[in-house]
Amino acid sequence: MPGPDLRLLRWSLVCVWSLTAVVSVWEWNGQSQALLAHLRPDLEWAKPWLIGAGAATDMLLALWMALRPGRLVYAVALIGMLLMTALATVIVPDAWLHPFAPLVKNVPVAAILLVLLRHPEADR
């Protein structure tokens, strides 16, 4: 039985992160702000920074992974995803219980990144 199609795994992550970045910016004053509704009132100033930093990180990871795949980007993506998941858990703990699973999706994302990290041929 052949191994996983590593390009398919890589391009699925490129798709997830690039679309997440675009939607985050598109919904800047809508759903992106709504996700941060539980943020403490004294941190209201941080909302645009969090949205912008998240969207920029997602797009940079997508472009890096699309144009220069390799173990470094997979490791950085894994660490970044874990940090963003932890931050989101603190800010919006209900996201774990949402029917569309905005944080639960990070479990298979982590699995894909681990597979890519373990296969040097994924760099092609």
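The values are calculated or read from the model by the stated rules, or taken from the named source; none is laboratory data. If you're wondering where the values come from, they're calculated on a predicted model, not measured in any experiment. Here Cβ is always computed from backbone atoms with ideal geometry, including for glycine, and neighbour counts include all displayed protein chains.
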Worksheet, complete the sentence: Counting only residues that are farther than 26 Å from Leu43 by Cα and either of a type in the set (S, T, N, Q) or surrounded by 11 or more Cβ atoms within 10 Å (Cβ to Cβ) (or both), the stretch 67-104 contains a total of 10
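Table: residues versus (1) of a type outside the set (Gly, Ala, Ser); (2) within 25 Å of Arg10 (Cα to Cα); (3) in a helix (DSSP H, G or I).
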position	(1), (2), (3)
Asp42	yes, no, yes
Trp45	yes, no, yes
Thr85	yes, yes, yes
Trp96	yes, yes, yes
Pro99	yes, no, no
Ala110	no, yes, yes
Leu113	yes, yes, yes
Worksheet item: Just to be sure, is Leu63 modelled with pLDDT of 90 or more, within 14 Å of Arg10 (Cα to Cα) and aliphatic (A, V, I, L, M)?
Response: yes
Worksheet item: Given the structure, is Val107 over 23 Å from Pro41 (Cα atoms) and free of Cβ contacts under 8 Å to residues at least 40 places away in the same chain?
Response: yes
Response to the item:
Among the residues of the stretch 1-15, the number that are of a type in the set (A, V, I, L, M), outside any loop (DSSP other than H, G, I, E, B) and either at pLDDT below 95 or within 9 Å of Ile112 (Cα to Cα) (or both) is 4
Practice prompt. Restricting attention to the stretch 16-45, report how many residues are of a type outside the set (D, E, K, R), surrounded by 14 or more Cβ atoms within 10 Å (Cβ to Cβ) and more than 20 Å from Ala77 (Cβ to Cβ).
Written response: 6
Worksheet item: Is there a residue in the stretch 66-80 that is within 13 Å of the chain's Cα centre (by Cα), of a type in the set (Phe, Trp, Tyr) and part of a helix (DSSP H, G or I)?
Response: yes
